[in-house]
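The values are calculated or read from the model by the stated rules, or taken from the named source; none is laboratory data. Quick caveat: nothing in here was measured; it's all calculated off a predicted structure. Virtual Cβ from ideal backbone geometry, glycine too; neighbours counted across all protein chains shown.
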Amino acid sequence: MGNRLSRRGQSGARLTVTPHRGKVRLQVRRADQRTEGVVLQERYRASERLACRVVGQHRSTQRHNGNVVSIEEDKLRHRLREIAAAHIRWGPRMAYRLLRREGWSVNHKRVQRLWREEGLQRPTARKRKRAQPADGSVRRHRAEHPHQVWAMDFQFDATADGRRLKFLNVIDEHSRLCLAIRVHPV
């Protein structure tokens with residue numbers, strides 16, 4: 001029972017072969033189990049079930065290929081970086097649309113994930129200019145005395161029992177007094 005033979009497998013894993021009750025028993029390190037399962041299947045024509053039992057792993061792990069970064073994903077990441085450099089104001093949504101037009105078969109969620117992992121960002125939004133008066137004049141009307149310029153504003157609120165209300169507030173621009181408040185149920 002003490003005859004032990006150690007050698008390196010095809011994948012470079014350390015295999016320990018031990019005779020056990022007339023059968024050969026293999027002991028493999030955990031990291032190399034999947035590759036050695038493949039070696040057992042190919043070299044000894046062992047079934048997947050037997051190879052997994054010998055190596056000591058579940059059969060579903062034998063079928064799983066692991067997280068290998070594909071060449072296509074590298075190309076996609078490279079293309080996303082190109083798009084972000086060429087179109088500074090674009091985000092992942094516009095990049096996704098361009099990729100689809102170019103013929104890439106990608107999911108919008110995948111594009112957003114890769115965009116985030118690459119650290120790509122849109123610049124922060126700029127402040128918009130104020131709306132100019134309808135008459136085309138550049139300057140705004142300033143109140144120089146009371147009752148010259150009034151401002152109207154709508155507000156919405158709800159009562160404690162859930163009824164919605166709409167308020168119209170009229171304010172004098174010069175004195176900042178509230179001239180009227182009208183309340184209407186919505």
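Residue-by-condition table, conditions (1) modelled with pLDDT of 95 or more; (2) part of a helix (DSSP H, G or I); (3) surrounded by 13 or more Cβ atoms within 10 Å (Cβ to Cβ); (4) within 16 Å of the chain's Cα centre (by Cα):
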{"site": "115", "(1), (2), (3), (4)": "no, yes, yes, yes"}
{"site": "120", "(1), (2), (3), (4)": "no, no, yes, yes"}
{"site": "125", "(1), (2), (3), (4)": "no, no, no, no"}
{"site": "141", "(1), (2), (3), (4)": "no, no, no, no"}
{"site": "144", "(1), (2), (3), (4)": "no, no, no, no"}
{"site": "151", "(1), (2), (3), (4)": "no, no, no, no"}
{"site": "157", "(1), (2), (3), (4)": "no, no, no, no"}
{"site": "160", "(1), (2), (3), (4)": "no, no, no, no"}
Inset, instruction - Mind telling me which of the residues 111, 106 ends up being assigned to a helix (DSSP H, G or I) and in contact (Cβ under 8 Å) with a residue 24 or more places away in the chain? - result: 111
Inset, instruction - Taking the residues in region 162-186 that are in a loop (DSSP other than H, G, I, E, B) and aliphatic (A, V, I, L, M) as candidates, determine which candidate is surrounded by the most Cβ atoms within 10 Å (Cβ to Cβ). - result: 177
Inset, instruction - Kindly establish whether residue 106 is over 17 Å from the mean Cα position of the chain (by Cα) and not charged (D, E, K, R). - result: no
Legend entry - Residue check for residue 48: at pLDDT below 85 and acidic (Asp, Glu): no
Legend entry - Within region 86-106, considering residues that are among the aliphatic types (A, V, I, L, M) and under 17 Å from residue 116 (Cβ atoms), the one surrounded by the most Cβ atoms within 10 Å (Cβ to Cβ): 95
